[in-house]
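> I'd like to ask some things about the structure below.
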Amino acid sequence: MTTAPDAPEHTGFRLSQLIYDTRYRSMTIQIVVLFLVMGFVGWLVDNTIQNLNALGKDFNYSFLGQRAGYDIGNALIPYNNDMTHGRALLVGLLNTLWVSFLGCIAATFIGVLVGVLRLSKNWLVARLMTIYVEVFRNIPVLLWILVAIALLTEVAPSPNAYKVNAATGEAKTSMLFESVAFTNRYTAIPSIHFDRSLGSLDTALAPISLNFLAIVLVLLASWFVTKTLNNRAAQVQAKTGVRPTTWWKNLAIWVLPVVILVTALGINPEEPALKGFNFVKGTNVSNAFVALWAGLSLYTAAFIAEIVRAGILAVSKGQSEAAFALGLRPNRTMSLVILPQALRVIIPPLISQYLNLTKNSSLAIAVGYLDLRGTLGGITLNQTGRELEAITLMMLIYLVISLLISGGMNIFNNRVKLKER
Amino acid sequence: MSDTHAQTVAFVRDTMLPQKPAPVGQSGVIQWLRENLFSGWFNTVLTLLGIYVTYSFVMHFYPWFAHGVWDANSLKECRAIITDRYGAGATGACWAMIHERWHQFLFGFYPSELYWRPVLTFALLFVAIGPLMFQFVPKKVIWFTPLYPFIAVWLLWGGTVWAPLLVLAGFVLAWVVFSYVAKYGSISGFSAGAIVAILYFLFVVGPLIDLFQGMIPLGIEHVDSAKFGGFLLAITLGVGGIVLSLPAGIILALGRQSDMLLIKSFSIIFIEFIRGVPLITLLFVASLLLNYFLPPGTNFDIILRVMILVTMFAAAYIAEVIRGGLAALPRGQYEAADALGLDYWKAQRLIVLPQALKISIPGIVSTFIGMFKDTTLVVFVGLFDPLKGIPDFIRADFNWKGIYWEPFVFVGAIFFILNFAMSRYSMHLENRLQRDNH
């Protein structure tokens, strides 16, 4: 028979217990760390106040309400130099988001294509894709952006090289697909024109095109209708075991209303046309934007290709074999067995690549595209001399963007996580 | 019995026919071509497309490489030579610029008679990391690794030999104090060591260096940070950032795994903040804001300021890599350490960290590759990186005005070789670790 040793006699609280008693020790350590961190932060703040006093500056954001006085070439919302620094910040932020958004789309497209082709049984294509991936991801993205801008400004012809010679009927340079013209000043692309436009809705922030709004509404309605349709099909399948054919109904619901709407609005693309020394119709996109977008997309695509490849390889061969053994056809195997499992592996790193692309878009500084860093952290900072305010605000905005993206990723992860029981 | 059979039945063959070669279409090159390049109409189209792309690339760039000129004094001269040799309209690379300026790409504006110092530092780097990264290096070499940072700083920046020696002495002193006081409790030992180190570095080391230098002046020529540039700068920042960030990264990773709410929160806030902002904004903090945060009158050189921010940046990423390593350790390892009665630090030091760090090495190498590529961003705070800073400087020379592609190719090739080698090494390491664990 064993006897429990006597519990130590309670002798009241001793100070040494704060260090040697595991019940209190963690509390002690945390309080000490809290004091150290607070002391350090206090020291930084104190230094900052002293330095600001010495320079005769204060800390406030009222400069955001002052007149900016500089122009922004690629504003997505109406902007002129009489507007405030706050408005310029917003323009810059939208530019950052716009180039990141388009970059993510292009990078995903190229990345998925390259990743799949790298797994191809075709020896030559697989090797070429490997070369693409290795070359692009082992060289800094800054080089790719600089190469793109150098290509556009040094190699691309001036707009009047596209001028059709009246005598021969030919131009020195012809447009890509008859609709895109790379020049050393800008890239001319077609724009969308509505013959019977609905006009636009003026809001304080920016005018919203009613045409665009109508299209979005119709698409939302289509989405809602197809969802109901598919739910009903699933119910019928659960009841009878036979799934009613829905694919052509779905297709019709997605395509028809939009086609009818845009026909009613009289949509037609407006091709760029040369008049004098410049392209007048269509849209002229600045080279800075094109170079930044191309550099970021090509660089990030190499990483996405690796992610896609790893994701597809991660689904074990037994899964597809089991699906075939169950009698599933190849496309059902792909959509029901392989893709869901591969996507679970692919999506989290894919989103962190989106995050990287968004952060790398601050390299706009290399080409002179006015993004958030170019407006708030660049010209506004230099004009107002408020480094402390401008840079902290800029970091805060980037941080919020990042946290939003990674928050979205966490929600997605929790939804697709394997439910282990 | 088979013998009799063979003799009685005349038509049974008793020798094997010689093997015939496989049909022409089913063997050798033709079979390989058919299986790998032309196995269906889609593959055939892909192959033809691939051949076309390769062909047009080669046709476009090969002449440019082949017509390269190595001996000229300006871009104009290069072009004249190319036109002279290959006719009007021929394109060609002007490698003469690389021939004339390669040292600026590699060393920036480091005095040319002292090039042996960065080269020696780079060579010694391999001695220092050898025992950690390659199995064939004798383990005894590891004593050199902790000394390397001091030697490297001294070799690169020069100056009196007493500075690195006395700084090293400070660490040794702190360690001696720690191990002596630690007999009376590890926490008091740690605190005593830390306090002694802080006091030593704040008040003692400066005068002591002056004193020793006054008595025995020993040293090599001092090189100013402003002279650093090119790959010397990129490698210094990359290696320095990773090495300095390792201790901080380990602490942050442990902090993030900690049970103590406050420490966990601080670690998470720091890591997520740094990972959430672009490096460029941190570099602007280094160049514009750091002077606000430090006591009035503090002013130290931009490379050191950039190094501090790059270290913080790397620490956050390293912390995440090590956290992955910590999470990958089987739960049983932690439980075994607890069962042996080890306290937290002993368990970390003897059981958890050695294994977690080993698993993390490939991740650390990848982080280093990323960091090394990102060091090119320092051009935006006015330093001479090899990708934009140095070429812009060279293009400012009238002789080389308008030279774009040659620097891109040269610098891109060096980056590619270094990073490709490192990523292959990291893959090799991953395979080796996988084998070790089974």
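The values are calculated or read from the model by the stated rules, or taken from the named source; none is laboratory data. If you're wondering where the values come from, they're calculated on a predicted model, not measured in any experiment. Every residue, glycine among them, receives a Cβ derived from its backbone with ideal geometry; neighbour counts consider all protein chains shown. Surface areas here come from the heavy atoms of the whole protein model, side chains and all, with no ligands, DNA or RNA. Shrake-Rupley method; radii C 1.70, N 1.55, O 1.52, S 1.80 Å.
> Would you check if B:Asn399 is polar (S, T, N, Q), at pLDDT below 85 and surrounded by 17 or more Cβ atoms within 10 Å (Cβ to Cβ)?
Yes: the conditions hold for B:Asn399.
For (1) at the interface with another protein chain (Cβ under 8 Å from one of its Cβ atoms); (2) of a type in the set (A, V, I, L, M), each residue gets a yes or a no:
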residue: A:Pro348; (1), (2): no, no
residue: A:Ile365; (1), (2): yes, yes
residue: A:Gly368; (1), (2): no, no
residue: A:Gly374; (1), (2): no, no
residue: A:Thr384; (1), (2): no, no
residue: A:Glu387; (1), (2): yes, no
residue: A:Ala390; (1), (2): no, yes
residue: A:Met394; (1), (2): yes, yes
residue: A:Ile397; (1), (2): no, yes
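> Go through the residues of region B:16-27 one by one and say whether even a single one is in a helix (DSSP H, G or I), within 20 Å of A:Asn122 (Cβ to Cβ) and either modelled with pLDDT of 75 or more or not basic (Lys, Arg) (or both).
Checked region B:16-27: at least one residue is in a helix (DSSP H, G or I), within 20 Å of A:Asn122 (Cβ to Cβ) and either modelled with pLDDT of 75 or more or not basic (Lys, Arg) (or both).
> Taking region A:314-339 as the search range and keeping residues that are open to solvent by 30 Å² or more (accessible area, probe 1.4 Å) and in contact (Cβ under 8 Å) with a residue 24 or more places away in the chain, which one is nearest to the other protein chains (Cβ to nearest Cβ)?
From region A:314-339, those open to solvent by 30 Å² or more (accessible area, probe 1.4 Å) are A:314, A:316-319, A:321-322, A:324-332, A:334-336, A:338-339; that's our starting set.
Among the residues that remain, those that are also in contact (Cβ under 8 Å) with a residue 24 or more places away in the chain are: A:314, A:338.
Working: A:Ala314: 15, A:Ile338: 20 Å.
Within region A:314-339, the match that is nearest to the other protein chains (Cβ to nearest Cβ) is A:Ala314.
> If you take the residues in region B:34-64 that are at the interface with chain A (Cβ under 9 Å from one of its Cβ atoms) and aliphatic (A, V, I, L, M), which one is nearest to the chain's Cα centre (by Cα)?
The selected residue is B:Val53.
> Report whether or not B:Phe136 is under 30 Å from B:Gly363 (Cβ atoms) and not in a helix (DSSP H, G or I).
yes
> Would you mind finding the one in B:Arg323, B:Arg349, B:Arg305 that is touching a Lys or Arg at 6+ places or on another chain (Cβ under 9 Å) and part of a helix (DSSP H, G or I)?
The match here is B:Arg323.
> Is it the case, given these coordinates, that A:Arg196 is touching a helix residue (DSSP H, G or I) at 6+ places or on another chain (Cβ under 7 Å) and basic (Lys, Arg)?
Working: touching a helix residue (DSSP H, G or I) at 6+ places or on another chain (Cβ under 7 Å): yes; basic (Lys, Arg): yes.
Criteria met by A:Arg196.
> Going residue by residue through region B:365-380, is there one that turns out to be polar (S, T, N, Q), open to solvent by 40 Å² or more (accessible area, probe 1.4 Å) and more than 13 Å from chain A (Cβ to nearest Cβ)?
no
> Take the residues in region A:362-388 that are closer than 11 Å to A:Ala88 by Cα and assigned to a loop (DSSP other than H, G, I, E, B), then tell me which one is least open to solvent (accessible area, probe 1.4 Å).
Restricting to residues being closer than 11 Å to A:Ala88 by Cα and assigned to a loop (DSSP other than H, G, I, E, B), the top hit is A:Asp371.
> Residues that are away from chain A (no Cβ under 14 Å) and either in contact with a Gly (Cβ under 8 Å, 6 or more places away or on another chain) or not polar (S, T, N, Q) (or both): does region B:292-301 have at least one? It would help to see each step written out before you state the result.
Just the residues of region B:292-301 that are away from chain A (no Cβ under 14 Å), to begin with: B:300-301.
From what's left, either in contact with a Gly (Cβ under 8 Å, 6 or more places away or on another chain) or not polar (S, T, N, Q) (or both): B:300-301.
Checking region B:292-301: at least one residue is away from chain A (no Cβ under 14 Å) and either in contact with a Gly (Cβ under 8 Å, 6 or more places away or on another chain) or not polar (S, T, N, Q) (or both).
> Name, by its number, the condition in (1) away from every other protein chain (no Cβ under 14 Å); (2) more than 28 Å from the chain's Cα centre (by Cα) that does not hold for B:Ile263.
Of the numbered conditions (1) away from every other protein chain (no Cβ under 14 Å); (2) more than 28 Å from the chain's Cα centre (by Cα), the odd one out for B:Ile263 is (1).
> Got at least one residue in region B:244-257 being open to solvent by 40 Å² or more (accessible area, probe 1.4 Å), over 20 Å from the mean Cα position of the chain (by Cα) and not small (Gly, Ala, Ser)?
yes
> Related question: Give me the residue from region A:121-161 that is open to solvent by 30 Å² or more (accessible area, probe 1.4 Å) and among the polar types (S, T, N, Q) and, out of that set, farthest from B:Val411 (Cα to Cα).
Filtering region A:121-161 for residues that are open to solvent by 30 Å² or more (accessible area, probe 1.4 Å) and among the polar types (S, T, N, Q), the one farthest from B:Val411 (Cα to Cα) comes out as A:Asn160.
> While we're looking at this one, here's another question. Can you pull out the residues in region B:109-134 that are over 19 Å from the mean Cα position of the chain (by Cα) and not aliphatic (A, V, I, L, M)?
B:Phe109, B:Tyr110, B:Pro111, B:Ser112, B:Glu113, B:Tyr115, B:Trp116, B:Arg117
> Residue by residue through region A:261-292, note down the ones that are surrounded by fewer than 23 Cβ atoms within 10 Å (Cβ to Cβ), out of contact with any Phe, Trp or Tyr (no Cβ under 6 Å at 6 or more places or on another chain) and assigned to a helix (DSSP H, G or I).
A:Leu261, A:Val262, A:Thr263, A:Ala264, A:Val290
> Going through region B:384-406 one residue at a time, which ones are closer than 14 Å to B:Gly108 by Cα and either within 12 Å of chain A (Cβ to nearest Cβ) or charged (D, E, K, R) (or both)? Before the answer, list the steps.
Here is the first cut: in region B:384-406, the ones closer than 14 Å to B:Gly108 by Cα are B:384-394.
B:Asp385, B:Pro386, B:Leu387, B:Lys388, B:Gly389, B:Pro391, B:Asp392 - these are the residues of region B:384-406 that are closer than 14 Å to B:Gly108 by Cα and either within 12 Å of chain A (Cβ to nearest Cβ) or charged (D, E, K, R) (or both).
> Of the conditions (1) among the hydrophobic types (A, V, I, L, M, F, W, C); (2) facing chain B (nearest Cβ under 10 Å); (3) under 27 Å from A:Leu370 (Cα atoms), A:Ala54 clears all except one; give me its number.
A:Ala54 satisfies all of (1) among the hydrophobic types (A, V, I, L, M, F, W, C); (2) facing chain B (nearest Cβ under 10 Å); (3) under 27 Å from A:Leu370 (Cα atoms) except (3).
> Determine the pairs where a residue that is closer than 21 Å to A:Asp202 by Cα, located within region A:68-83, has a partner that is charged (D, E, K, R) with Cβ atoms under 8 Å apart, the partner being 6 or more residues away or on another chain.
So the pair list comes out as A:Tyr79/A:Arg87; A:Asn80/A:Asp71; A:Asn81/A:Arg67; A:Asn81/A:Asp71; A:Asp82/A:Arg67; A:Met83/A:Arg67.
> Out of curiosity, is A:Gly73 in a loop (DSSP other than H, G, I, E, B), in contact with a strand residue (DSSP E or B) (Cβ under 6 Å, 6 or more places away or on another chain) and surrounded by fewer than 19 Cβ atoms within 10 Å (Cβ to Cβ)?
When the stated conditions are applied, A:Gly73 passes them.
> Is there a residue being at positive phi and surrounded by fewer than 17 Cβ atoms within 10 Å (Cβ to Cβ) anywhere in region B:166-187?
yes
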